[in-house]
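Below: the structure, in C-alpha cells.
The values are calculated or read from the model by the stated rules, or taken from the named source; none is laboratory data. Worth saying up front: this structure is predicted, and the values here are computed from it rather than measured. Glycine also receives a Cβ, built like all others from the backbone with ideal geometry; neighbour counts cover every protein chain displayed. Accessible surface is based on the protein model in full, side chains and every heavy atom, while ligands, DNA and RNA are left aside. Shrake-Rupley method; radii C 1.70, N 1.55, O 1.52, S 1.80 Å.
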Amino acid sequence: MNTGTVGATRLWRGGVATALAALLVAIAAPFANAAAGPSATAATAPADARSGKAIVESVCLNCHRAGLLGAPPINDAAAWRERAAKGLSSLTSSAIDGLRKMPEHGGDPSLTELELGRAITYMVNQSGGDWVEPATPAALAQARPGETIVNARCASCHATGIGGAPKIGDTAAWAARAKEGLDELSMSAIRGHGGMPPRGGVASATDAELRSAITYMFNPAAANARVAARPSIKAKRPAAPAGALQRTVAGMDINLGVASAAQLAKFPADSPERKMHGGVPPGRDQHHLSVTVLNHNSGKPIADATVKVNVDDPGISRITKELSPVVIGVPFYGGYVPLAGHVKYRISVEVLVPGATSTAVAQFQYQTN
C-alpha cells in the first residue's frame, strides 16, 4: 500500500512530529487498553462515515429490496428477527467475509465496518427492530496480524521503497504520511488512492487488519510485540471474490479507486500524490480516478495500455476522459473528473493493451457522499 514519500529534512517540523507521536500512541494503545478494560478500545468514527440509510439505498437495496439471491427482504420481520438474534457483531462479520451469494463487504470493498454495521442496523430497524445505530467502530477482533497482510501484498512496494513508497520500518517517512492521523491514513488504504486499489488490493482485509498493517510497516518490532501480547486468533479464509470496485475482464484484474481532491490535498506538498497531473485542482467536486490493471494470472501490472473512462450520471450527463499513466509504487492510470455529491454514477473503464484486437470494458457503480 503506497502512500508516497517526502524528503527527510522536513520530517520533524510542525505537524510531522505530532503525527509521529500519534502513531507511537496508536502502537502503544493496545497495552494501555488491556489494562483499562474493553471500553478503552473504541475508536472514533471517521468524519466521512455514511449513515446506514445512505449505504442501504446505494448498495444493499439491489438485493434486499425484493429478496434477490436469498437476501432477507427489508420489512420481512420474521427473516430479520432470526438474523438479529445473532447480534450486530456477528452480522457485520458475515457481511465483511461474504455469505453465500453476497460478496465480501456487501459487494463494495470501500465500505468500512462501521458503515456496514450502520447499514445492518438500518435494515433491522426497518424490519421491526429497535437497534441503536453505532456511532463509532466496534472493537472487532483482528483476524490476521499486520505482518501477514503486509507480506501478502504491501511488501511488493514497501519492502524496497519502489516508486517512492515509504519503506517498512522507516518511521520518519510514515510519520510524514500520517500528519492527519492514523485514522485518515487507514481510510486512504480502505478507499484506495493513487496506484493502490481499495483495501491495498487485499479485498478480504478488514479495517482492523489494514490499520494493523500500517502500524506494522511503521514499526515492525513494536507491532509484533503487540501481537505476541494477545491470545492467538484463527485466521479467516484468505480467498476473496471480486468486490464492487474490482473486475476481472479478458484476463486482467481492473481496479478502480476514487479519492476526492480534498483528500489528496492533505498529502505533503512535495509528495507524488499532490504533484501528479500538475497538482490538485481546485473545486470541492473534483475527484481523482485511478485505475490499476494487473495480469490476472501473474499479478504483474500492465503499464503500456490505453485506458479511458466514461462517467455517466444516467440520463443527465457523460464525461469521457483518457487517463494518464502514473507510477507511484506501482504503475497505474489516473486523472481528475468532477463528481457532484450524492449521485450514483456509472463508470465504465476501457482498457486496450498493445496487440489486442478489442477493448476490454469493466463496469462499475460509485456513489458519492
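Measuring nothing but protein heavy atoms, the accessible surface of segment 279-349 at 1.4 Å probe radius is 49 percent carbon and sulfur. Protection proxy ranking, highest mean first, for peptides 358-364, 172-178, 117-123: 117-123, 172-178, 358-364, where packing is the per-residue count of other beta-carbon atoms within 10 Å, averaged. Ranked by the mean number of other Cβ atoms within 10 Å of their residues, highest first, the peptides 53-61, 208-216 come out as 208-216, 53-61. Looking at segment 52-118, the accessible area is 46 square angstrom per residue; that uses a 1.4 Å probe and ignores ligands, DNA and RNA.
Y345 contributes an accessible area of around 20 Å² to the protein surface, as traced by a 1.4 Å probe with all chains present.
For Q286, the residues 5 or more places off, or on other chains, whose built amide H falls under 5 Å of its own are A261, L339.
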